[in-house]
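Below you'll find the structure, written out as structure tokens, and then a few comments.
The values are calculated or read from the model by the stated rules, or taken from the named source; none is laboratory data. Everything numeric here is computed off the predicted structure, so don't read it as measured data. Please note: Cβ atoms are built from the backbone with ideal geometry, for glycine as well, and neighbour counts cover all protein chains shown. We work out accessible area using only protein heavy atoms, side chains counted, and drop any ligands, DNA or RNA first. Shrake-Rupley method; radii C 1.70, N 1.55, O 1.52, S 1.80 Å.
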Amino acid sequence: MRCLCVTIVILLSINTHVSPTAANVAVKRSLPPAAYLSSAFYHQSCPNLESIIHQKMSAWLKRDHTMAASIIRLHFHDCAVRGCDASVLLNHPGSERAAEASKTLRGFTLIDEIKAEVEKQCPKTVSCADILTAAARDATILAGGPFWEVPFGRRDGRISLAREADTVPQGHENITQLLGMFEELGLTFVDMVVLSGSHTIGRCSCHAIKQRLYNFTGSGRADPTMNAIYVDRLKKQCKSDASYVNLDFWTPRKFDTAYYRNLEKKMGLLSTDQLLHSDMRTGGVASLMGSQPELFATQFAASMVKLGNANVVVRKEGEIRSKCTSVNSY
């Protein structure tokens with residue numbers, strides 16, 4: 001019996017022993033892609049990267065303050081399709097950039113300008129996906145929003161399809177649809193409400209809100225959930241479909257919590273904005289963000305990191321493009 005017990009112990013020892021190398025391989029294989037990102041990723045290979053991006057962003061925003069919101073939006077559109085892989089920057093027939101949903105996107109020239117300077121100082125080192133992610137962070141800061149450390153190490157994707165870009169929210173979806181889309185990115189309803197707070201800056205075309213103002217659900221009238229005085233002011237500003245109006249009526253150039261307080265006054269420009277306040281699943285968070293500016297700033301930073309880590313391409317799965325507008329030719 002004693003021999004049997006000794007034999008069992010020896011067998012168990014043999015079966016449960018795993019070499020350190022094998023264990024490390026197993027752990028690496030199980031890590032999610034975002035685990036390979038690090039704020040120190042370019043410290044040795046491109047130490048001036050963040051300084052280059054910040055200087056370019058600052059110089060551009062001094063000429064055109066509206067570019068801050070455009071870069072944040074461009075980053076979101078990129079991450080919403082195939083993850084944050086700079087696929088939205090590819091410029092070829094049938095790419096995301098050619099999609100109907102992308103027609104009002106801006107900031108491509110600015111990102112190209114940053115990339116060109118980065119290539120001069122750190123050739124073939126920094127991905128366009130990382131540049132766009134950091135540019136969105138700096139756009140937020142320069143508009144008066146919070147700072148956060150950007151984890152780097154993303155690679156650029158090689159696929160960009162217009163039909164996929166047309167699935168990005170356009171401001172007329174219901175909350176259930178929005179929650180499903182954010183869930184696919186690994187984001188929660190809190191992240192959705194908080195990231196929508198970026199609408200505290202930026203503009204929207206009058207074409208996008210035309211139905212809300214004149215023919216809501218085919219009624220021939222304005223959306224009854226909108227503040228009547230607000231509707232009158234918007235109609236005066238929208239002389240044509242090509243005109244633009246501010247997403248935040250009161251402080252459109254300041255990154256603050258006025259956006260959420262506007263919702264309480266029924267002054268959400270997009271129907272998706274207003275639904276954040278009226279839907280019981282998201283209304284509590286929207287009210288909380290409006291009354292707690294410091295909480296909003298902290299949570300916005302955290303949610304932007306989560307967005308930037310969504311379905312990223314890392315290591316050998318992608319490439320470092322020489323130009324953001326096209327894949328490398330090998």
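Of I320, I209, the residue with the largest accessible area leads and the full order is I320, I209 (1.4 Å probe). Paramagnetic label reach from E100 (point 7 Å along Cα→Cβ; backbone nitrogen cut-off under 19 Å): within the range 259-290, residues 271-272. Considering helices alone, the calculated mean residue ellipticity of the chain at 222 nm is -15000 deg cm²/dmol, with DSSP H runs of length four and up weighted by -39500 (n - 2.57) and normalised per residue.
Sequentially through the range 151-157, phi angles give Karplus couplings (6.51, -1.76, 1.60; θ = phi - 60°) of x, 10, x, 5, 10, 8, x Hz, Gly and Pro residues having no value and appearing as x. Here is the list for the range 106-183: trypsin sites (Lys or Arg not before Pro) lying in DSSP coil, each with at most 11 other C-beta atoms within 10 angstrom of its C-beta, are K124. How tilted is helix 228-237 with respect to the longest principal axis of the chain? Cα atoms for both, answer in degrees (0 to 90, nearest 10). It is inclined by approximately 90 degrees. Largest accessible area first, the residues W60, W250, W148 order themselves as W250, W60, W148 under a 1.4 Å probe with ligands, DNA and RNA left out. Using every pair of separate Cα atoms, the Kirkwood estimate puts the hydrodynamic radius of the chain at 21.5 angstrom. Between 0 and 90 degrees, the angle of helix 20-30 with respect to the longest Cα principal axis of the chain falls at about 20 degrees. Rg over Rh for the range 107-220 works out to 1.02, both radii taken from alpha-carbon positions and Rh defined as the Kirkwood radius. Remark: the K316-Q211 segment gains 33.2 nm on full extension, using 0.36 nm per residue and subtracting the alpha carbon distance.
Loop-located trypsin sites (Lys or Arg not before Pro) in the range 215-320 (DSSP state other than H, G, I, E, B) with a sparse environment of at most 16 neighbouring Cβ atoms within 10 Å: R221, K239, R253, K254, K265, R281. Shape summary: the range 219-318 maps onto an equivalent ellipsoid whose semi-axes, from the alpha-carbon gyration tensor, are 30, 19, 14 Å in decreasing order. Solvent-accessible area of D241, all protein chains in place: 60 Å² (probe radius 1.4 Å, heavy atoms, ligands and nucleic acids excluded). The range 259-324 and the range 74-129 have Cα centres spaced 20 Å apart. In order along the range 197-207, the phi-based Karplus estimate (6.51 cos²θ - 1.76 cosθ + 1.60, θ = phi - 60°) of 3J(HN,Hα) comes to x, 5, 6, 5, 10, x, 10, 9, 6, 5, 4 Hz; Gly and Pro are listed as x. May I ask which of K210/K254; K56/K210; K239/K266 have a Cα-Cα span longer than 29 Å here? Violating the 29 Å limit, Cα to Cα: K56/K210.
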